Amino acid sequence: MFAKIAEFFIKNSKLTLVLVIITLLSGIWSYLIIPKQYNPTIIVPAFNVMVPANWLTNEEVSKYIVSPLENKLMELEWIDEVYWIAGDNYASVMMKFKVWEDSEKAKISLQQKLKENMGLKPIWTWEPVVVTIDPEILPQITYSISYDASFASSENIKDEQIYIYLRQIANIIKQELKIIENVTTIDIVWWYKQSIILDLDLEKLKARNIDLLQVYEVLKNNNVDSALWEIDTKSWEKISVGIIAKDNNIEDFKKLLIYNTWETSIYLEDIASIRKWVKKIDKLSSYNNKEAVFLWVWKALWTNSVFLTDAVQEKIEEIKEKLPKNIELNVIQNEWDTARNATNMLLVNLVQSVIIVFIVLMLYLWRKDAFNTAVSIPLTLWLVFLLALILGENINRITLFALILVLWMLVDNSTVVVENISRHLKTRAVEWKTKLEAVLVWVQEVWTWVILSTISRLLAFAAMFAVWGMMWEYMWPIPKFAIMALIISLFIAFTINPWISYLWAKDIGEQDKKVKHNKINKYDIRKYYLNFMKKYINPENKSVKKRKRFKLIFWLMLFLILIWPIYGGIFKARMLPKSNQDQIYLWIDAPRWWNTEKMLWVKNDVEKFFSKQNNDILEELKIVENTSITVWQAFMWDFANLFRWWLSRVWENQLSARINLINSS
């Protein structure tokens, strides 16, 4: 059967050439457009349940909320692990289901379980909030929008208006980015809370037949976070309402519609006087010691982040030209840039490995046979990329690591095939065989052993399918891509390699049959190898000491070659390729009674310490590129923090900082 396969590709030479060209072009095209990301796609149903519990200590939260909640969650089917944190005023429970459980089904069962047991919830706690933990919904790009007061212009604004001004700019950018294809969600992180006082006139309310509940509903539906109601008990003529809202524009509040009929419309300014209240410092966010808001950009599920991030960055460059000069727009996090750097580094390692393999083959198989064997490497890789694109896979550091791992195996089958064909082609004049017969004879000799050796390697990688849990979700690209590459390399060994050998072989005549073909080229490394081995391996008794000495030196050198690079620090042994993100995270938990004003001091000290203008640290340690900090809000939405309780860092005494370092290269 395998002889017929090889014969088909040889006899249909033009078709084979077309297939090779198509493989080359489609493989390159596949690598360029296939989704690339830093980490593999992990599908593990995981959720975080947040339960706000004001005025409760951590002991009370643990006793009245976490303990009963944990017991009920453990009753869920296919639940794997449950972790929890009990803090002052809140509880956070993280749970993971078995990897085979459908994420949507798991979320529905979780929400149903919570709803069924709402009767166990203490009356002074809020309803639990369920947040899905999914690496696929991480933002692709995070921008900081900061205010630079150094530009003296008519656009300069007062300190208390900076956050509102920045949010207005962020909303403009948000609307521009929404039109890009596959951009699904854009969030703005900003936490300035200016307050407003409404003095409701009770006489005007009574005259227009409006009750307080109508006013309350209007405020509730217009981004009001909280409101403090105070009645003037002396005159009973007005009610003062202190409002804290996400957008405290007085002009907008004046135009809030309270009541509307075909005859008249009543606005908030008709029944109340509106004035600014004292500024309330609430949640803080900054970039390089400047007030900032942050913009997250998500992609649609299972879409290519390569094209999305390029489109977003092009649009941002257009937007920058229109922005005021006192606005700075900087990239804090770019998942595609991180993935590109990681995959490019491993791709360079892959090319280096191919070159090393080719040089080694040159020493033993010489030019034509070495090239014929080495051809199997790029052809296999291009077909792997094409097949991965068809199957909806992506390229990440684990998949490329898998390809590097099996690289030496990809040429194993081709080496056996090409070397055997070369031997038959050299002896065909003596054996009176045609060129085609000489090429096909190898199939009858070695196909069984080639198949069996490939199966043994496949079984070695297939054993990794027995891995369970989160490790399986992270490591599964290794056996999958390795098995794909080995099967494709077997196909190439039986098709393309015989075809190339056939094309390069010369037709022989009567004169060639008289020439001895077992002559070794004077540059052939085998000549030096045989001369060397004759001195130490021969049946004569005189060489016994030489043989023993040679064996001892050989085993010692082999031992040193294997051990010394690791213990000598030449390279470090790792299970996975090195991960260097050029970033660190800093979490500071202050005493629980600290408020935002005190945390502002901490934030300023942190930014001053990491600043390049800090003369208290050595110059070689000034490696910080930028610093992004939030207080009372965890905006560090990335893979590193996904399973590390980042959602729980939402309290007044907690500071979260992402510190980007200068590129290590």
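Odds and ends about this structure:
- Restricting Phe253, Phe294 to residues that are among the aromatic types (Phe, Trp, Tyr), at pLDDT 75 or above and in a helix (DSSP H, G or I) narrows the list to Phe253.
- Residue list for region 448-457, restricted to those being more than 15 Å from Thr415 (Cβ to Cβ) and either surrounded by 13 or more Cβ atoms within 10 Å (Cβ to Cβ) or β-branched (Val, Ile, Thr) (or both): Thr448, Ile451, Ile455
- Ala590 vs. criteria closer than 29 Å to Asp88 by Cβ, open to solvent by less than 40 Å² (accessible area, probe 1.4 Å) and without any contact (Cβ under 8 Å) to a residue 24 or more places away in the chain: no
- Matching residues, region 92-137, being in a loop (DSSP other than H, G, I, E, B), surrounded by fewer than 15 Cβ atoms within 10 Å (Cβ to Cβ) and not acidic (Asp, Glu): Trp100, Pro122, Ile123, Trp124, Trp126
- Criterion: part of a helix (DSSP H, G or I) and open to solvent by 50 Å² or more (accessible area, probe 1.4 Å) - qualifying residue of Leu69, Leu32: Leu32
- Close contacts from region 1-28, counting a first residue that is within 20 Å of Val443 (Cβ to Cβ) and modelled with pLDDT of 90 or more and a second that is surrounded by 12 or more Cβ atoms within 10 Å (Cβ to Cβ) and of a type in the set (S, T, N, Q), with Cβ to Cβ under 8 Å and a gap of 6+ residues or different chains, come to Thr16/Thr495.
- Some residue of region 320-333 being within 27 Å of the chain's Cα centre (by Cα), surrounded by 20 or more Cβ atoms within 10 Å (Cβ to Cβ) and within 28 Å of Ile137 (Cα to Cα): yes
- In summary, strands (runs of 3 or more DSSP E) completely within region 141-203 and bearing 2 or more residues that are under 17 Å from Asn289 (Cα atoms), at pLDDT 75 or above and open to solvent by less than 70 Å² (accessible area, probe 1.4 Å) occur at 141-147.
- Residues of region 370-399 satisfying the condition of being buried (at least 23 other Cβ atoms within 10 Å of the Cβ) and without any contact (Cβ under 8 Å) to a residue 60 or more places away in the chain: Ala374, Ile377
- Val354 farther than 29 Å from Ser144 by Cα, assigned to a helix (DSSP H, G or I), modelled with pLDDT of 80 or more and open to solvent by 20 Å² or more (accessible area, probe 1.4 Å): no
- Residue match in region 74-90 (condition: part of a loop (DSSP other than H, G, I, E, B), hydroxyl-bearing (Ser, Thr, Tyr) and over 19 Å from Lys107 (Cα atoms)): no
- Residue in region 472-480 that is in contact with a Pro (Cβ under 8 Å, 6 or more places away or on another chain), assigned to a helix (DSSP H, G or I), surrounded by 19 or more Cβ atoms within 10 Å (Cβ to Cβ) and not hydrophobic (A, V, I, L, M, F, W, C) present: yes
- Check on Ala640, among the small types (Gly, Ala, Ser), surrounded by fewer than 18 Cβ atoms within 10 Å (Cβ to Cβ) and closer than 14 Å to Leu586 by Cα: yes
The values are calculated or read from the model by the stated rules, or taken from the named source; none is laboratory data. Small disclaimer: the values here were computed from a predicted structure and weren't measured. Methodologically, a virtual Cβ is constructed for each residue, glycine included, from the backbone with ideal geometry; neighbour enumeration extends over all protein chains shown. Ligands, DNA and RNA are stripped out before the accessible areas are found, and what is left, the full protein with its side chains, is counted by its heavy atoms. Shrake-Rupley method; radii C 1.70, N 1.55, O 1.52, S 1.80 Å.
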